[in-house]
1. Report the antiparallel proportion of the DSSP beta bridges in region 290-502 as a percent, rounded to a multiple of 5.
2. Between Ile224 and Arg113, what FRET efficiency follows from the Cβ-Cβ distance if R0 is 30 Å, with the result rounded to 0.05?
3. Test of understanding: what is the full-extension gain from Leu131 to Phe488, defined as 0.36 nm times their sequence separation minus their Cα-Cα distance?
4. Assuming R0 = 51 Å, can you tell me the calculated FRET efficiency for the pair Lys444 and Gln149, based on Cβ-Cβ distance, to the nearest 0.05?
5. Pull up the cross-link candidates among the aspartates and glutamates for Lys468, meaning alpha carbon to alpha carbon under 15 Å and not fewer than 8 places away within one chain.
6. So, R0 is 56 Å and r is the distance between the beta-carbons of Phe253 and Lys414; what FRET efficiency does that work out to, to 0.05?
7. Highest first, please rank the peptides 410-420, 367-377 by the mean number of other Cβ atoms sitting within 10 Å of their residues.
8. Any idea what Rg and Dmax come out to for region 391-473 if you just take the C-alpha atoms, in Å?
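Laboratory data are not the source of any read-out in this text; all were calculated from the coordinates shown. Since the model is a prediction, treat every value here as computed from it, not as a measurement. Note that each Cβ is placed from the backbone with ideal geometry, even for glycine, and that neighbours are counted across all protein chains shown.
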Amino acid sequence: MKKKLQLVLFRTEKKKFTFDSAARVRQLTKAMPEETMSIDYAMEAASGPHFSGLRLDGGRLSSSSPTSSLAPNSTLTADSLLNQPFVIGVSGGTASGKTTVCDMIIQQLHDHRVVLVNQDSFYRGLKPDELERVHEYNFDHPDAFDTEQLLECMKQLISGQRVKIPIYDFKKHQRSSDSFRQVNASDVIILEGILVFHDQGVRDLMNMKIFVDTDADVRLARRIRRDTVERGRDINSVLEMYAKFVKPAFDDFVLPSKKYADVIIPRGGDNHVAIDLIVQHLRTKLGQHDLCKIYPNVYVIQSTFQIRGMHTLIRDTEISKHDFVFYSDRLIRLVVEHGLGHLPFTEKQVVTPTGSVYTGVDFCKKLCGVSIIRSGESMENALRACCKGIKIGKILIHRDGDNGKQLIYEKLPKDISERHVLLLDPVLATGNSANQAIELLIQKGVPESHIIFLNLISAPEGIHCVCKRFPSLKIVTSEIDVALNEEFRVIPGLGEFGDRYFGTDD
């Protein structure tokens, strides 16, 4: 068990993971020392399989992926597969704090697109005879929901389609006939409701299942407040319905579904530690492309609205040359900074102006850059701005078709074999040019593990090509695109980068 962690996750007899306070943790550690797990391991187990669109099995979808349960007529494009959303189910008893937990997750995931789907939106409209006996209708029973429509809407969202969510009027007990809530495709889909774990088809769509566990008295108090204030009901009817329907349904349907949860959160929205850990795990999962899981030497810088905005600009054919260069330089600088973070360092102590001793690190001294002419030269200024006085070599590779790569020029530092090398090329397409440049560096005596390949965008084909041949080098990029087209150009890509950057395009 990691000593630095103040909170751990425990594997119970049912193999579920429960967040709790540090005091409770200390009590449990005495009783179950052999069952403790690190947070990283437990959260990884809780996340389940996540399919982001890269099909390595000849085009078949894995049966373990959420996409495998999509309707046969669902349309899956390359773009929708690549942007396969992370689906979270949040369940728990009535007024347990499910919506509060969802809102806190959404607020903290501010740099990702997140959509919340409420199971309550899919209540069936009551028939005239049911309306006459509305006090005898069980709204907490699975039959009260239109699960088939819920499934259809979720599958459409997962496949990247825009959907219309019905709006339910809790006073009239009917759906609105002329208005819907428009929901667009997102990075994260949160499905919240008391019975979202009850149906296996709905459960199979989820990558993570969270159960909010709150004391029954607290839930009843919240239910009374909500139904009287928001839904216009009197206290007596609320208590009568709770005793007749809500509590029995919780015991019969909601509580048994707790066994399907990956993560259990006691005290709901009051448990900030649990929610922070879940958000931290989600950030890791969302920022990690599937290729990063296959090749641990591939690093994609964490996406933010700023980075996505700059990518939007440089990919736009209507952008001016000045703006293209400006935003490309900003992105290149981020990639270079991230790449420098993978260099070795030594500990160093300095005395600050206050007379105190600060223990930090010293930069790697033996370093050089190598640009693949000509688009790679666009990255040199960012490297010089980060590393004062750095030596930069050149490699020119003539293109004669895609398979006829031929080296025609190289100019490298004489002591390059003693240096760590930052190889510069803004676009990794087929990987053939990169492989030839890397092979040349190795022939010059540079250890493979001392090469860091920096680029703005990469195609999956290029990553496969380079990483299979050189598994010890590192690739640092800002985005991994969909694929290559018939002309071996990256799509959606950004065109001929060198021509656009240096102004030599038509």
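1. Numbers: 13 of 38 bridges.
Antiparallel bridges: around 35 percent, rounded to the nearest 5.
2. Details: r = 36 Å, r/R0 = 1.18.
The pair Ile224/Arg113 has a calculated efficiency of 0.25.
3. On the way: separation 357, 0.36 × 357 = 128.52 nm, distance 6.30 nm.
Full-extension gain reported as 122.2 nm.
4. Details: r = 64 Å, r/R0 = 1.25.
Efficiency, rounded to the nearest 0.05: 0.20.
5. Correct list for Lys468: Glu439, Glu448.
6. Details: r = 75 Å, r/R0 = 1.33.
Efficiency computed from Cβ-Cβ geometry: 0.15.
7. On the way: 410-420: 15.6, 367-377: 21.5.
Highest-to-lowest ranking by the protection proxy: 367-377, 410-420.
8. Using the Cα atoms of region 391-473, the pair Rg, Dmax is 12.2, 34 Å.
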